[in-house]
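Enquirer: Sharing a structure below in structure tokens format, with a few things to ask.
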Amino acid sequence: MIALKNISKKYKENIVFEHMNISFPANSACHIKGTNGSGKSVLMKIIAGYSLPDEGAVTADGIRIGIDRDFLPDAGVMINTPVFIRNETGFENLKELAAILKKCTAEDILEYARILHFENDIYKKYKTYSTGMKQKMRLIQAIMEKPRYLLLDEPFDGLDTEAKNIVKKLLEDYLSIEGNTLIFTNHEEDIALENETVYVIRDHQILTE
């Protein structure tokens, strides 16, 4: 379980969260909604450990993020646009990332590329990629190490209808594995995962819908 207790965060005079408390249970799909500027991406960064709250604590199964561990352990994260090497292929980029932790193989990368119908494009240079191709790269990067926690900011953005349905199936398969937890934002009203719980950010708080 991921728990946020008494979280406050502001940028200059702009209050994003104020004494916010929420828990995201294990084995669940947690869908975060909110208007533009409400703090969806900020929330994801706080959970991941990329941004620390001004007050309060984030814990994951008793591990305090920013204290016991700098970042959320065993997590795949897709927040904002990652920096890939433009003159390398998608496959070369992903292999270099996989070599850091050595938790996935080239075959794992290619299997996710196959699932996403990306098996041909993965050998093209990143600088030639369309928006949809870049989105598939981001998804593979986040999920390829089979993390326990998956944090995805707008995973359906920039994809056509067929690709959105493929990603939906991929995420539902991920959630079928015991212990996995997905936290994601999504503005696509026509896409919903099975048994998802919807949370809404409003007035510096987050509540179940």
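The values are calculated or read from the model by the stated rules, or taken from the named source; none is laboratory data. If you're wondering where the values come from, they're calculated on a predicted model, not measured in any experiment. Methodologically, a virtual Cβ is constructed for each residue, glycine included, from the backbone with ideal geometry; neighbour enumeration extends over all protein chains shown. The protein model used for the area step is the full one, side chains on, heavy atoms only, and it has no ligands, DNA or RNA in it. Shrake-Rupley method; radii C 1.70, N 1.55, O 1.52, S 1.80 Å.
This table checks each residue for (1) touching an Asp or Glu at 6+ places or on another chain (Cβ under 7 Å); (2) assigned to a loop (DSSP other than H, G, I, E, B); (3) of a type in the set (S, T, N, Q).
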site: 119; (1), (2), (3): no, yes, no
site: 133; (1), (2), (3): yes, no, no
site: 139; (1), (2), (3): no, no, no
site: 145; (1), (2), (3): no, yes, no
site: 151; (1), (2), (3): no, no, no
site: 155; (1), (2), (3): no, yes, no
site: 158; (1), (2), (3): no, yes, no
site: 162; (1), (2), (3): no, no, no
site: 165; (1), (2), (3): no, no, yes
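Enquirer: Among the residues of the stretch 147-166, is any under 19 Å from residue 103 (Cα atoms), buried (at least 21 other Cβ atoms within 10 Å of the Cβ) and among the hydrophobic types (A, V, I, L, M, F, W, C)?
Expert: Yes, the stretch 147-166 contains at least one residue that is under 19 Å from residue 103 (Cα atoms), buried (at least 21 other Cβ atoms within 10 Å of the Cβ) and among the hydrophobic types (A, V, I, L, M, F, W, C).
Enquirer: Suppose we filter the stretch 116-129 for residues that are open to solvent by 60 Å² or more (accessible area, probe 1.4 Å) and hydroxyl-bearing (Ser, Thr, Tyr); how many remain?
Expert: Adding up the residues that qualify gives 2.
Enquirer: Being aliphatic (A, V, I, L, M), touching a residue at least 40 places away in the same chain (Cβ under 8 Å) and in contact with a Phe, Trp or Tyr (Cβ under 9 Å, 6 or more places away or on another chain): is that true of residue 32 here?
Expert: In short, yes.
Enquirer: Another question about this same structure. Looking at the stretch 40-115, what helices (runs of 4 or more DSSP H) fall wholly within it and have at least 2 residues that are farther than 30 Å from residue 10 by Cα and open to solvent by 80 Å² or more (accessible area, probe 1.4 Å)?
Expert: Counting at least 2 such residues, we get 90-101, 106-115.
Enquirer: With the checklist (1) under 29 Å from residue 20 (Cα atoms); (2) surrounded by 13 or more Cβ atoms within 10 Å (Cβ to Cβ); (3) more than 16 Å from the chain's Cα centre (by Cα) in hand, flag the one item residue 186 doesn't pass.
Expert: (3)
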